Structure formats: structure tokens, C-alpha cells
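A short reminder: the numbers here are calculations on the coordinates, not readings from a lab. Keep in mind that what you see is a predicted model, and the values were worked out from it rather than measured. Using ideal geometry, Cβ is built from the backbone for each residue, glycine included, and neighbour counts are taken over all protein chains shown.
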Amino acid sequence: MVGFVPERSFVVAVLRASSDQVEVPIINAVVRFDLDAQGRNRREMAAAYAGHVGRICASENACEVLAVIVDDRIREPGPHDGVGREVRAGAHGALIAGFARCLLDDHEIALTGAWAVGAIGKDQRWWSLPDPEMRGTLPDPAVSMVTVAHVLDGRPIHRSRADLSALVAPDPDTCAQVAAYLDEAMVAARDHYADAIRRGDPDSYHRRMLEQVLWQVANIEFGTTLAAREFAELAAALRDRVVRDSLFALAVGDHAAAAERLWSALARALSESDRADAAALLGYSAYVRGDGPLAGIAFEAALEADPAHPMAILLETALRAGMRPEQLRRLARCGLETAADLGVELC
């Protein structure tokens with residue numbers, strides 16, 4: 001559910017009441033935190049994580065949460081360790097206890113289950129933190145219904161968060177090659193814009209740039225590898241706000257997967273604000289299809305490249321607040337309208 005195999009992670013499942021007659025709650029959101037957060041002790045981590053989860057619970061009308069510690073350094077307790085005790089697991093036990101206390105005191109949300117496991121994998125041993133006598137082994141996650149659903153949807157589970165981060169990690173060689181063509185691409189774009197202004201038809205420039213991007217989305221869909229010069233031309237096109245705003249519409253269309261591959265390639269090939277533009281588009285596309293982990297990594301990359309990028313700030317704030325993907329589809333609809341005004345149909 002987090003899109004990759006978590007390691008050294010604190011994973012929280014947010015539950016809400018089912019809308020039908022069945023009284024069993026359903027998982028509404030899954031949130032993952034690093035167990036090795038730098039510069040924070042366990043008490044600070046517990047309070048910060050509880051605050052984050054509490055905000056999501058408030059927006060989702062959640063009734064309770066579950067937690068799982070995934071850490072290869074943790075050891076399964078012996079047969080009689082911890083019986084009758086509230087929580088065991090050393091420092092992790094303190095984290096769970098503090099998290100539960102902050103969540104209940106500050107947000108009136110109960111932690112109704114907590115478990116620990118060394119790793120997510122077939123036959124890995126798990127146990128309940130409140131009652132270590134409750135324990136067992138994991139089935140093979142590679143054949144779970146969730147994994148199969150991801151694969152059928154074209155979204156295979158990544159082996160680690162690092163694999164997911166690699167989708168937007170800068171490629172220094174490609175960045176240098178693209179930079180060599182960027183000034184030339186910007187001069188050409190300015191000349192085209194000046195020509196459109198002289199003709200009294202600025203929309204022709206926006207339309208030309210938008211169609212250029214769409215052409216490259218089509219190339220990506222057919223498996224074409226773009227050259228450095230083409231990446232530079234795309235960077236110039238994305239600097240046009242009208243074009244960039246229109247492209248959010250691709251996230252809800254038939255070519256969303258190809259567009260994501262293009263945004264990912266651009267995020268690896270560009271730098272500074274150009275990289276932020278591409279990463280924000282990737283993050284939005286991932287967000288609206290429910291891939292929160294990739295969205296978070298993309299927004300993180302965008303803000304690292306340009307800390308003042310307004311769209312990345314807005315979307316990252318929405319993600320952290322637990323705003324549901326469907327609430328952000330209005331941005332895609334605005335993109336459709338903007339493109340339609342230019343005479344370009346995006347669907």
C-alpha cells in the first residue's frame with residue numbers, strides 16, 4: 001500500500017467506519033515514517049507523527065489507527081517476555097506508547113493495534129507489541145491481492161524507497177548535456193513569442209509550445225528516447241505558465257502513464273526551477289491516481305530544486321494534510337479548459 005517495501009519504518013494505517021452495513025472498519029490511508037529521523041528523540045518523533053496522523057484522521061473522519069514497526073534491528077521477544085506488560089520493544093516500544101498517548105490526548109483517536117516485524121517478506125516473524133504471545137509469520141507479499149492489483153494497474157511494487165527516489169534523482173551527465181542546449185532553446189522560444197506578439201496572436205505561441213510537449217509525450221509512449229536538445233526545448237516550453245497549467249490535465253487522461261514517464265525523465269535531466277516544474281507535474285499525476293509515496297518524493301525533489309515553487313508548496317501541503325486525490329482533480333479540469341481555450345483538446 002505504500003508502493004515500495006518499507007525498511008526501518010513506522011507504518012500507520014488510518015481506519016474509518018465502513019459506509020455499508022458491515023461494521024468492520026476499512027483502511028482509508030497508509031502513512032509511512034522513517035524510524036531513523038535525524039535530530040529527533042523518540043518523544044519528539046511520537047508527537048510529530050501523531051500530529052501528522054491526527055490531521056489526516058480529522059480530514060477523513062477516522063475512527064482508529066493501526067501501527068506496524070518494520071526494523072531489521074528489532075528482535076522477537078522470547079515465549080514469555082512482555083506478558084501482561086503494555087508494550088515491549090525497547091526504544092520502539094517507547095515510540096509506540098508515546099504515539100498512542102499523543103494521538104488519544106490531542107486528537108481523541110485510538111491506536112487499536114500495534115505489531116513489529118523485522119522485514120516485509122515471506123515467512124518473516126511478526127508479533128503483537130501489546131501482547132507478544134500473539135505472533136506468527138508473514139505470507140508471501142509478492143502474491144498478495146494488493147501487490148497483484150498494483151501490477152495489473154501498471155504500478156509494480158518497488159523494492160525500496162531508494163528505487164522510488166531514483167525516478168527523480170538528477171543525472172549529472174544528462175543535466176550537463178541539456179544545459180549546453182538550454183540557452184539556445186530559450187532564445188528560440190523568445191523569438192517565437194516575439195513573432196506571435198507582433199502578429200497579435202500570443203495564443204499561437206502557447207499552442208505551439210503545448211503541442212510540442214504533447215508530441216514528446218506521444219514519443220515517450222512509443223518508446224522513443226529523447227535527446228538532450230529535446231529536453232532543453234521541453235524545459236523552455238514548461239517555462240510558459242499557460243503551457244504548464246494545461247499539462248496538469250494529462251494526469252486524468254488516457255496518456256497519464258506516458259506523461260509521468262516524461263516528467264520523470266525531465267526531473268532527472270533538468271536543474272533548479274526547470275527540474276521543480278517537471279517534478280511538480282509528476283507529483284500531481286501520482287497524487288491524483290492515489291500514489292502518495294511517489295507524489296511525496298516528487299514534491300520533495302521539486303522543493304529541493306526550488307524551495308519557493310508555488311505549486312509544489314501547495315500540493316505538498318495538501319498531501320501532508322491528507323487531502324483526498326479527487327479533491328485535487330479541479331486542477332486537471334482547469335488544465336483542460338486552458339488547453340481548450342488554445343484550441344487543443346486534451347483527453
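Between the Cα long axis of helix 310-320 and the first principal axis of the chain there is an angle of about 20°, rounded to the nearest 10. For the chain, the longest principal axis of the Cα atoms and the long axis of helix 228-238 meet at an angle of about 90 degrees. The mean of 1/r over all pairs of different alpha-carbon atoms in segment 172-341, once inverted, gives a Kirkwood hydrodynamic radius of 16.0 Å.
Counted by neighbouring Cβ atoms within 10 Å, the residues M145, M134, M45, M186 run from fewest to most as M145, M134, M186, M45. With neighbour counts taken as other beta-carbon atoms within 10 Å, the residues W127, W215, W263 rank, fewest first, as W215, W127, W263. If I fit a long axis through the Cα atoms of helix 272-288 and take the longest principal axis of the Cα atoms of the chain, what angle between them do I get, 0 to 90°, rounded to 10? Relative to the chain, helix 272-288 is tipped by roughly 60 degrees. Using a simple spin-label model with pseudo-atoms 7 Å out from Cα toward Cβ, I197 and S273 lie 1.6 nm apart. The label point for N41 and the one for R55, both projected 7 Å from the Cα toward the Cβ, are 2.5 nm apart. Computed over all pairs of different Cα atoms, the Kirkwood value for the hydrodynamic radius of segment 175-258 is 13.5 Å. Amide H to amide H distances under 5 Å link G113 with A67, where only residues 5 or more positions off or on other chains count and H is placed in the peptide plane. In nanometres, what is the gap between the two model label sites at V187 and A340, each 7 Å from Cα along Cα-to-Cβ? Here the answer is 4.1 nm between the modelled labels. Between N28 and V14, L15, R16, the built amide H atoms are under 5 Å apart, and every one of these is 5 or more places off in sequence or on another chain. Summary of packing: across the peptides 189-201, 278-290, 322-334, the per-residue average of other C-beta atoms within 10 Å ranks them, highest first, as 278-290, 322-334, 189-201. Only helices enter the 222 nm calculation for the chain: every DSSP H run of n ≥ 4 contributes -39,500 (n - 2.57), and dividing by all residues gives -17000 deg cm²/dmol, rounded to 500.
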